[in-house]
Amino acid sequence: MSQNNHHDKEEKKMYNKGEVITGLVLFAVIFAFPFWYNMGKAAPVPEPVLTEQAKAAKECIKPKALMKTDHMQILNDWRNSVARDRNRIYVNSSNKEFDMSLSNNCLDCHSNKAEFCDKCHTYASVSPYCWDCHIDKPKEK
Amino acid sequence: MENSRRTFLKIAGISALGLSAKPVLDAFALDIDMLNKKINAAPKNGALTAKRWGMVIDTRKLETEEALKPMIEVCHKIHNVPVHENKRHEIKWIWEEGFKHAFPDLEHEYVNERVEHLPFLVLCNHCKDAPCVRACPTKATFKQADGIVAMDFHRCIGCRFCMAACPYGSRSFNFRDPRPFIAEINKKYPTRMRGVVEKCNFCSERLDEGLQPACVEASNGALVFGDLENPESEVRQLLKTNYTIRRKVALGTGPSVYYIV
Ligand code: SF4
Ligand code: SF4
């Protein structure tokens, strides 16, 4: 009983106060290292480069802003339509028809995959596996 | 005191779980919507169509191994089929088989000499009741409206259930990345990646362009392709006027490839 009381009193005391605090501070600094080290050094958002052909076409299948945000969804719908139903023609809102083919159509205009696709994908740290099968076709110069 | 704290924690925990589950459930709902959503799409103009595609192979016009080569070559070339030295990694869409392997249930010790040594051209039979379709857990292998047993490589998880289910060995598995083993890539057609199964697709990409399958085109009339459900079609005329056999019919798969022997 008396021993227990003795213990209770001791537990309120902090041992090695100096080391513990220093350790905690060090930990916090090291843990936050990537944040403060990179502060103010954010990589600029890349702009995808358009080929001459893409520039001349002026318009993609949908408005540019939508293509930026939704191209992955569109490609997903295209893939389902072609691979499952073999409906290969896409009709956009202005009744223009497009062959739903990543390699044979999209990349025909955007024949600069490195400058057009990869740039942003690398920046956003996404690695779509399209290219494992679909063929990138840089135009012969 | 103790008790009420426990109750409070329980309620708080369940609420937190509920709150965090909501977005997850929403994401799933969205995914399913995405699959069902139909975009404004149409088939190509001039695409060849049928109720059920089928093929008749006239072996009287294909008596030697040499005669089969052009068909095998053109198919494998246009579809970016890799050539592996290692037999166990072999990928084949269409190949040559001896009678006793192609038709084991028809083989016997006194079989006709010509037939015994005849090289048979074999490929996926695009079975009417295809066991591979039933076996595939992801619907990567599925039946299309025109009877073609197709593969959606995006969905294949490489489990190879379909290979176990197909009684004809029509399917091959990509144990390795196929790209380095393709001599000359046909840039109009995709390749596959490591870990997926592949097989003959009855040249559906060509049918959609209004073209006959490549092997049929290269066969000098030995292969005939057409609609099995149209009594006027050339395949039906051939089936009417010639005795034909199919592979392993007793299994009930309903092969759509017929052989005139
Ligand atoms: S031959 Fe084999 S792969 Fe082709 S449809 Fe029949 S079961 Fe499937
Ligand atoms: S290997 Fe691919 S196609 Fe074959 S059953 Fe599995 S998921 Fe389906």
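The values are calculated or read from the model by the stated rules, or taken from the named source; none is laboratory data. Source: prediction; values computed, not measured. As a convention, Cβ positions derive from the backbone with ideal geometry for all residues, glycine included, and neighbour counts pool all protein chains shown. Heavy atoms of the whole protein, side chains included, go into the accessibility calculation; ligands, DNA and RNA do not. Shrake-Rupley method; radii C 1.70, N 1.55, O 1.52, S 1.80 Å.
General remarks:
- Residue tally, condition away from chain A (no Cβ under 14 Å) and within 11 Å of ligand 2 (Cβ to nearest atom), over the stretch B:149-171: 9
- Screening residue B:127 on (1) within 14 Å of another protein chain (Cβ to nearest Cβ); (2) open to solvent by less than 40 Å² (accessible area, probe 1.4 Å) shows it passes everything except condition (1).
- Among the residues of the stretch A:65-108, those that are within 8 Å of chain B (Cβ to nearest Cβ), open to solvent by 30 Å² or more (accessible area, probe 1.4 Å) and not acidic (Asp, Glu) comprise A:73, A:76, A:79, A:84, A:87, A:88, A:104.
- Selection status of residue B:104, surrounded by fewer than 20 Cβ atoms within 10 Å (Cβ to Cβ), away from ligand 2 (no atom under 16 Å from the Cβ) and in a helix (DSSP H, G or I): no
- Restricting attention to the stretch B:174-189, the residues being within 16 Å of ligand 2 (Cβ to nearest atom) and either surrounded by fewer than 21 Cβ atoms within 10 Å (Cβ to Cβ) or not assigned by TED's automatic domain parsing to the domain that holds residue B:94 (or both) number 2.
- Of the criteria (1) acidic (Asp, Glu); (2) within 16 Å of ligand 1 (Cβ to nearest atom); (3) under 29 Å from residue A:137 (Cβ atoms); (4) open to solvent by 20 Å² or more (accessible area, probe 1.4 Å), which one residue B:198 fails: (4)
- Taking the criterion of being open to solvent by 30 Å² or more (accessible area, probe 1.4 Å) and of a type in the set (Val, Ile, Thr), the only residue of the stretch B:245-257 that qualifies is B:249.
- Among (1) open to solvent by less than 50 Å² (accessible area, probe 1.4 Å); (2) closer than 20 Å to residue A:66 by Cα, the one test that residue A:137 misses: (2)
- Residue in the stretch A:112-132 that is open to solvent by less than 80 Å² (accessible area, probe 1.4 Å) and at positive phi present: no
- The stretch B:133-152 residues that are within 19 Å of residue B:48 (Cα to Cα) and assigned to a strand (DSSP E or B), paired with ones that are of a type outside the set (Gly, Ala, Ser) and open to solvent by 40 Å² or more (accessible area, probe 1.4 Å) (beta carbon under 6 Å, 6 or more apart): B:143/B:133; B:149/B:143
- Looking across the stretch A:109-141 at every residue that is more than 15 Å from residue A:46 (Cα to Cα) and not in a loop (DSSP other than H, G, I, E, B), the one that is nearest to the other protein chains (Cβ to nearest Cβ) is identified as A:132.
- Residue match in the stretch B:77-84 (condition: in a helix (DSSP H, G or I) and either of a type in the set (A, V, I, L, M, F, W, C) or not assigned by TED's automatic domain parsing to the domain that holds residue B:179 (or both)): yes
- Candidates in the stretch B:130-148 are the residues that are within 27 Å of residue B:219 (Cβ to Cβ) and more than 14 Å from chain A (Cβ to nearest Cβ); of these, the one that is farthest from ligand 2 (Cβ to nearest atom) is B:130.
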